[in-house]
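Each reported figure results from applying straightforward, stated rules to the coordinates on display, with no laboratory input. Keep in mind that this is a model prediction, so the values were computed, not measured. Heads up, the Cβs are rebuilt from the backbone with ideal geometry, glycines too, and the neighbour counts pull from every protein chain shown.
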Ligand SMILES: [Zn+2]
């Protein structure tokens, strides 16, 4: 076995995603010592568990045994039943993931929603560092959110704290109501407008053309008026969605994550627009890009265990 690369407890974070599972070992001071990833076994619960166990074994050949393990999952563990709920990875839904994985790994394992892991990573030593109340937003395949207070995830009584994506888009304009149908069973959810697929669908509804979000952004930059209009609608919808959140939570900082957080214009346009909707004479909340990008999932999962 190779010698440990750092002194102190090693924390392993697992990011269990729909297409890949990633593992990383974090040193006491938040440095990633080693990381591995494998494709997520498709629709196979037990193969998913053994893939996680295999990654941990691989990491521990470098870091030594008995690291703490935190896992970021799509969805959450129901406080009522202990089973996975609200996951878009269907093979996890209704499974006793915590019991099964802890038995397999022979140690306690902490679990948290992936958006909460993102928020925790950014709050601990990322773009939200130094702020007491951090809201992390994922704008990607879906639209998730997580709340971190004083360095700890605020999961909530029903383990849905921060799940703003399935609230309706507030202050709807004509044409936005009742809105697109959402997989959750409702219509007009924030996610149906502000996820990547939601952005592409909106562009198609107006222009008749199916274009990937990255192409819409490139076309707008090249002067395409229709693409620019699509992004302007997106700016205003995000401003409204975050304004309704600021009215309730009033966070110090909002950190964007997910693929659409790469859209630089959001950090200028959205704070300029949200003042019209927030119930305050002025809004000093800051909107910032993530510091850790794609690493936030594993980092946040590792941070579920204190040093
Ligand atoms: Zn929904």
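Quick rundown of the values:
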{"read-out": "Burial ranking of peptide ranges 158-165, 224-231 (average Cβ count within 10 Å, highest at the top)", "value": "158-165, 224-231"}
{"read-out": "Degrees separating the helix 45-63 axis from the principal Cα axis of the chain, which is the longest one", "value": "60 degrees"}
{"read-out": "Potential extension, residue 205-residue 129 segment - 0.36 nm per residue separation minus Cα distance", "value": "23.4 nm"}
{"read-out": "Cα long-axis angle, helix 114-125 against the chain (0 to 90 degrees, to the nearest 10)", "value": "80 degrees"}
{"read-out": "CD proxy at 222 nm, helix term only [per DSSP H run n ≥ 4: -39500 (n - 2.57); per residue of the chain; nearest 500]", "value": "-11000 deg cm²/dmol"}
{"read-out": "Exposure proxy ranking, count of Cβ atoms within 10 Å, fewest first, for 91, 117", "value": "91, 117"}
{"read-out": "Förster-model FRET efficiency, 45 Å R0, residue 61 and residue 150, C-beta, rounded to 0.05", "value": "0.80"}
{"read-out": "Region 55-83-region 237-304 distance, computed between alpha-carbon centres (Å)", "value": "28 Å"}
{"read-out": "Contour minus Cα-Cα distance for residue 276 and residue 104 (0.36 nm per residue)", "value": "56.7 nm"}
{"read-out": "Angle between the chain longest axis and helix 225-249 axis [Cα atoms, degrees, rounded to 10]", "value": "60 degrees"}
{"read-out": "Square roots of five times the Cα gyration tensor eigenvalues for the chain, Å", "value": "34, 21, 18"}
{"read-out": "Rough spin-label spacing in nm, given labels placed 7 Å along Cα→Cβ, for residue 306 and residue 212", "value": "4.4 nm"}
